[in-house]
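Data first, discussion second: the structure below is written as structure tokens.
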Amino acid sequence: MPNRKVLLTGASGYIASQILPSFQDQYDMALVDVNDSDRQGFKVPGVEITDLGDPDLSKYSHHFKDVDTVVHLGYKRRQESLLDDYYDEQFNVGMAFNVYRSAYESGARRVVIASSNHAADWYEHALIHNHDLEMLDPYRLPLSDNFYGWAKATYEHLGFLFASGTFGRKLEVVLVRIGAPREIRLEDFPGDPGRYKRDLGAYISPRDLTQLFTRAIETPNIDNEHGIPWLIVYGISDNTRSFWSLTSARQVLGYRPEDDSEIKYANDIQSFLTGEGARGGVGRVGP
């Protein structure tokens, strides 16, 4: 019988749809989102409409009562307008703070937040694709060249403040830098083998995503070498073409991904990259 109470934010969203079926079998779930329908317009049972971006925490503090772990997937989409993206992402940073503070004040043990590999995507754009760096470690200083990545990195630093004990007790925090949690379709990469290879490296299957978030909830001890319960992991499958390190996920959470995009998409890879007449070429990045 489920006994651990888990609050899931963004419960009507795309990421939630991949992990929620398993979570509902394992935990006592509380679900919140700004709407109660998924992308297809279907109602998601049990979702309570809640605006976690509201600075008045008293309006939703009851959702955090008796919660063991908060899994924060809530996110306001940006307008895709470069400089103006700041304002949307500023809202998302504020929402992350509200979640951390509400969890802290309610006595929750742990917060697991959906970060992104974009938290450190400057390295990817400037170094990885030029073969000046081979692998991204999750603890390299997060540097992004866009406001989406900046916001995710800010979630991570906010989490460190709450985990460090600055405000009193240490709130346990796991940041999952999710890669590409979607099917990889050749038609989405016309004449662009470099971007195709990149997504092959970033791919995470639904079952690996579910396993990773489950381990992020259940692993008893996530303390680092300084005794701070603050952990960053990359959220990808065991992909042959990956350049994001899974070391922290494997060693601390015991994550054992079961899928590899190289196997799942072997036929597409041969036709687009390596087969007769294909020009995409071998390797993890670039044409």
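The values are calculated or read from the model by the stated rules, or taken from the named source; none is laboratory data. All values derive from a computational prediction rather than experimental measurement. Ideal geometry is used to build each Cβ from the backbone, glycine not excepted, and the neighbour counts take in all protein chains shown.
Listed by position, the helices (runs of 4 or more DSSP H) contained in the stretch 207-282 that have at least 2 residues being without any contact (Cβ under 8 Å) to a residue 12 or more places away in the chain and out of contact with any Phe, Trp or Tyr (no Cβ under 8 Å at 6 or more places or on another chain) are 247-253, 266-269.
Considering the stretch 80-116, and only residues there that are touching a residue at least 12 places away in the same chain (Cβ under 8 Å) and among the polar types (S, T, N, Q), the residue that is farthest from residue 150 (Cα to Cα) turns out to be 106. Checked against (1) modelled with pLDDT of 95 or more; (2) within 18 Å of the chain's Cα centre (by Cα); (3) not in a strand (DSSP E or B), residue 108 meets all criteria but (2).
Of all residues in the stretch 30-50, how many are loosely packed, with under 15 Cβ neighbours inside 10 Å and within 17 Å of residue 97 (Cβ to Cβ)? Of the residues in that region, 0 qualify. When residue 77 is tested against the conditions (1) within 19 Å of the chain's Cα centre (by Cα); (2) within 23 Å of residue 212 (Cβ to Cβ); (3) free of Cβ contacts under 8 Å to residues at least 24 places away in the same chain, the lone failure is (2).
Conditions (1) free of Cβ contacts under 8 Å to residues at least 60 places away in the same chain; (2) aromatic (Phe, Trp, Tyr), marked per residue:
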position: 118; (1), (2): yes, no
position: 122; (1), (2): yes, yes
position: 127; (1), (2): yes, no
position: 138; (1), (2): no, no
position: 141; (1), (2): yes, no
position: 145; (1), (2): yes, no
position: 148; (1), (2): no, yes
position: 167; (1), (2): no, yes
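Given the condition modelled with pLDDT under 95 and under 23 Å from residue 235 (Cα atoms), answer yes or no: does some residue in the stretch 23-34 qualify? It would help to see each step written out before you state the result.
Residues of the stretch 23-34 that are modelled with pLDDT under 95, as a first pass: none.
The answer is no, given that none of the residues of the stretch 23-34 is modelled with pLDDT under 95 and under 23 Å from residue 235 (Cα atoms).
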